[in-house]
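The values are calculated or read from the model by the stated rules, or taken from the named source; none is laboratory data. Remember, it's a predicted structure, so these values are computed and weren't measured experimentally. Quick reminder, even Gly has a Cβ in these numbers, built from the backbone with ideal geometry, and neighbours come from all protein chains shown.
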Amino acid sequence: MFEPSAVTEICYPKTAKLLSVSQAQQNIRDVINSITDIEVIPIADGLGRILAETVLSPIDIPPQRNAAMDGYAFSSADITLNQPFCLKEIGTSWAGRPFMGSAEKNQCVRIFTGAVVPEFADSVIAQEQVERQANDITLPANTLAGKNIRAAGSDVKQFETLINTPKKLTACDLGLMAAAGVAQIKVKRRLTIGFFSTGDELTSVGQPLQSGQIYDSNRYMLAALLQDPNHFVSDLGVIRDDPELLERTLISAANAFDVLISTGGASVGDADFVKQILEKCGQINFWKLAIKPGKPLAFGKINNCWFFGLPGNPVAVLVTHQQFVRPALQQLSGLQPSKPLQLKAVCKTVLRKTPGRQEYQRGILNQTSAGELTVIAAGEQDSHQLKTTSLANCFIVLSSECNGVAIDEIVTVEPFDTYISV
């Protein structure tokens, strides 16, 4: 039988001020530890997974000396200083088909990019620099020795570290490991994440709306936000405003998932039950934050399952996911938590704001031909207005002390992407 844990409100006693964004982020970092379970997968399945064991190269890369360009391989002992000289071509070294013969004085081998350089040769000259008549190859005066050869191990030496852990593997990482002949890797297992919405007013897409109902946009947005190669994500649907049903759901789901995320029901209304149920069956780490949108955010734990109770307004869901949930999931998965890239931009519209909470307004970021970043408000900033969010490509981050922004003031922005429309 489930026994409720003692409730702890570490960061939000009733007499305390609202927790700042940075304080809440630090609090999450302080309490979350990475999962320890690992699995072995082929590198073909490794994109985006989190490396659990440092990978060493079993071979030199490249494994043998090879040519950096198409040309002719020769020995510098045959060079005649300060004047042209002629060498006799005696064969060809192709990529994948090395020249296997030997050479005498004043002989050379035709060679192609990536082909193994014959043992006798210590130099390659580009084909554009020579004159050829039949098998006679004339090299120009002042030809330099020791050029255009990639040494064995010039990229990576045998037993050198290829990739350190922890790292979220990129396409380049997979290419590097493939170049070393690494076929399988150890990665952190995937997180199991369940999410659901709360509220009697919510209806799933595809169903007719009754009076007083709205479509549940949060679950669709969260499902997209949670897509990651390191996640197994389960949509638990809509839980009605029934405290007993919500409690049973939380307790049951906490035994099945590493992380639970709810939207709605985290405020202080008569039908907002998330906080009081979390107090009863788990631990509250913090509740209300000095952030807009997203003030009623509950973070805690039920048994071994981390819980995020996000607000019900969709823009608040987006903001709190990006600022709190996403870095927490990264840390739990085995990475160091990251933070959004912040840039400075010139604001070209007036922004209204009341001091007291750190605010995330939706903006449209542009870059002039001279490289200057400018930003404008994407539209109205109410936390239920998804249209403005769809139009935006960044958040404009306004500090808690800010009381508004005038035209041509410098503001901080967090881009949604690394690309800007032209």
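Can you report the number of residues in segment 50-68 which are of a type in the set (A, V, I, L, M, F, W, C) and not in a loop (DSSP other than H, G, I, E, B)? Steps first, answer last, please.
Narrowing segment 50-68 to residues of a type in the set (A, V, I, L, M, F, W, C): 50-52, 55-56, 59, 61, 67-68.
Applying the additional criterion that residues be not in a loop (DSSP other than H, G, I, E, B) yields 50-51, 55-56, 61, 67.
Qualifying residue count, segment 50-68: 6.
Which of the residues that make up segment 103-143 are in contact (Cβ under 8 Å) with a residue 60 or more places away in the chain, in contact with a strand residue (DSSP E or B) (Cβ under 6 Å, 6 or more places away or on another chain) and over 18 Å from M69 (Cβ atoms)?
Across segment 103-143, there are no qualifying residues.
Within segment 69-90, how many residues turn out to be assigned to a strand (DSSP E or B) and surrounded by 15 or more Cβ atoms within 10 Å (Cβ to Cβ)? Before you say what the answer is, go through the steps one by one.
Of the residues in segment 69-90, the ones assigned to a strand (DSSP E or B) are 71-74, 85-90.
Those still in the list that are surrounded by 15 or more Cβ atoms within 10 Å (Cβ to Cβ) too: 71-74, 85-87, 89-90.
So the answer is 9.
Going by what's in this entry, would D408 be described as outside any strand (DSSP E or B) and at positive phi?
Details: outside any strand (DSSP E or B): yes; at positive phi: yes.
So D408 passes the test.
State all residues of segment 131-161 that are buried (at least 17 other Cβ atoms within 10 Å of the Cβ), within 30 Å of V55 (Cβ to Cβ) and out of contact with any Leu (no Cβ under 7 Å at 6 or more places or on another chain); if no residue qualifies, say none.
Initial filter on segment 131-161 (buried (at least 17 other Cβ atoms within 10 Å of the Cβ)): 137, 139, 143, 148-150, 152-153, 156.
Remaining after also requiring within 30 Å of V55 (Cβ to Cβ): 149-150, 152-153, 156.
I149, R150, A152, G153, listed by residue number.
Would you mind finding the one in Q358, Q367 that is surrounded by 18 or more Cβ atoms within 10 Å (Cβ to Cβ) and outside the structural domain of G264 (by TED's automatic domain parsing)? Give the steps one after another, and end with the answer.
Values: Q367 fails: surrounded by 18 or more Cβ atoms within 10 Å (Cβ to Cβ).
Only one candidate passes the filter, namely Q358.
Take segment 139-154 and flag every residue that is assigned to a strand (DSSP E or B) and within 18 Å of T92 (Cβ to Cβ). Quick ask: steps written out before the conclusion?
We begin by selecting, within segment 139-154, every residue assigned to a strand (DSSP E or B); these are 139, 149-150.
Within segment 139-154, L139, I149 meet the criteria.
Test of understanding: among T389, T374, T354, which residue is in contact with a helix residue (DSSP H, G or I) (Cβ under 6 Å, 6 or more places away or on another chain) and of a type in the set (V, I, T)? Quick ask: steps written out before the conclusion?
Details: T374 fails: in contact with a helix residue (DSSP H, G or I) (Cβ under 6 Å, 6 or more places away or on another chain); T354 fails: in contact with a helix residue (DSSP H, G or I) (Cβ under 6 Å, 6 or more places away or on another chain).
Exactly one residue qualifies, and that residue is T389.
Determine the pairs where a residue that is surrounded by 11 or more Cβ atoms within 10 Å (Cβ to Cβ), located within segment 334-346, has a partner that is basic (K, R) with Cβ atoms under 8 Å apart, the partner being 6 or more residues away or on another chain.
G334/K188; L335/K167; L335/K168; P337/R29
Quick test for you: out of P98, P58, P62, pick the one residue that is at pLDDT 95 or above, farther than 20 Å from A134 by Cα and touching a helix residue (DSSP H, G or I) at 6+ places or on another chain (Cβ under 9 Å).
That would be P62, the only listed residue that is at pLDDT 95 or above, farther than 20 Å from A134 by Cα and touching a helix residue (DSSP H, G or I) at 6+ places or on another chain (Cβ under 9 Å).
Name the single residue that is nearest to G114 (Cα to Cα) among those in segment 155-207 being part of a strand (DSSP E or B) and aliphatic (A, V, I, L, M).
At the first step, the residues of segment 155-207 found to be part of a strand (DSSP E or B) are 156, 161-163, 168, 184-188, 191-198, 202-203.
Those left that are additionally aliphatic (A, V, I, L, M): 156, 162-163, 185, 187, 191, 193, 202.
Details: V156: 16, L162: 21, I163: 24, I185: 28, V187: 33, L191: 42, I193: 47, L202: 62 Å.
Applying the filter and picking the extreme gives V156.
Yes/no per residue for (1) in contact with a strand residue (DSSP E or B) (Cβ under 9 Å, 6 or more places away or on another chain); (2) modelled with pLDDT of 90 or more:
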| position | (1), (2) |
| --- | --- |
| A145 | yes, yes |
| N164 | yes, yes |
| K168 | yes, yes |
| R189 | yes, yes |
| V205 | yes, no |
| P229 | yes, yes |
| G237 | yes, yes |
| E244 | no, no |
| L250 | yes, no |
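Looking only at segment 144-170, count every residue that is within 16 Å of Q64 (Cα to Cα) and of a type in the set (V, I, T) and tell me the total.
Final tally of qualifying residues: 2.
In segment 300-347, which residue that is hydroxyl-bearing (S, T, Y) and closer than 30 Å to E53 by Cα is farthest from the chain's Cα centre (by Cα)? Step through it out loud before you land on a result.
Just the residues of segment 300-347 that are hydroxyl-bearing (S, T, Y), to begin with: 320, 333, 338.
This time we only want the ones that are closer than 30 Å to E53 by Cα, so: 333, 338.
Values: S333: 12, S338: 9 Å.
Result: S333.
Check off (1) surrounded by 15 or more Cβ atoms within 10 Å (Cβ to Cβ); (2) without any contact (Cβ under 8 Å) to a residue 24 or more places away in the chain for F395 and give me the number that stays unchecked.
Status for F395: all satisfied but (2).
Check D70, D78 and return the single one that is in contact with a helix residue (DSSP H, G or I) (Cβ under 6 Å, 6 or more places away or on another chain), under 15 Å from K147 (Cα atoms) and in the same structural domain as I137 (by TED's automatic domain parsing).
Values: D78 fails: in contact with a helix residue (DSSP H, G or I) (Cβ under 6 Å, 6 or more places away or on another chain).
One residue alone meets the criteria, D70.
Of the residues that sit in segment 357-405 and are part of a loop (DSSP other than H, G, I, E, B) and of a type in the set (D, E), which one is nearest to the chain's Cα centre (by Cα)?
Kept after step one, since they are part of a loop (DSSP other than H, G, I, E, B), are these residues of segment 357-405: 357, 368-372, 378-385, 392-393, 399-404.
Then drop every residue that is not of a type in the set (D, E), which leaves 372, 380, 382, 401.
Values: E372: 26, E380: 30, D382: 29, E401: 31 Å.
This residue is E372.
Out of (1) closer than 20 Å to H384 by Cβ; (2) outside any strand (DSSP E or B); (3) modelled with pLDDT of 90 or more, what's the single condition that is false for Q331?
(1)
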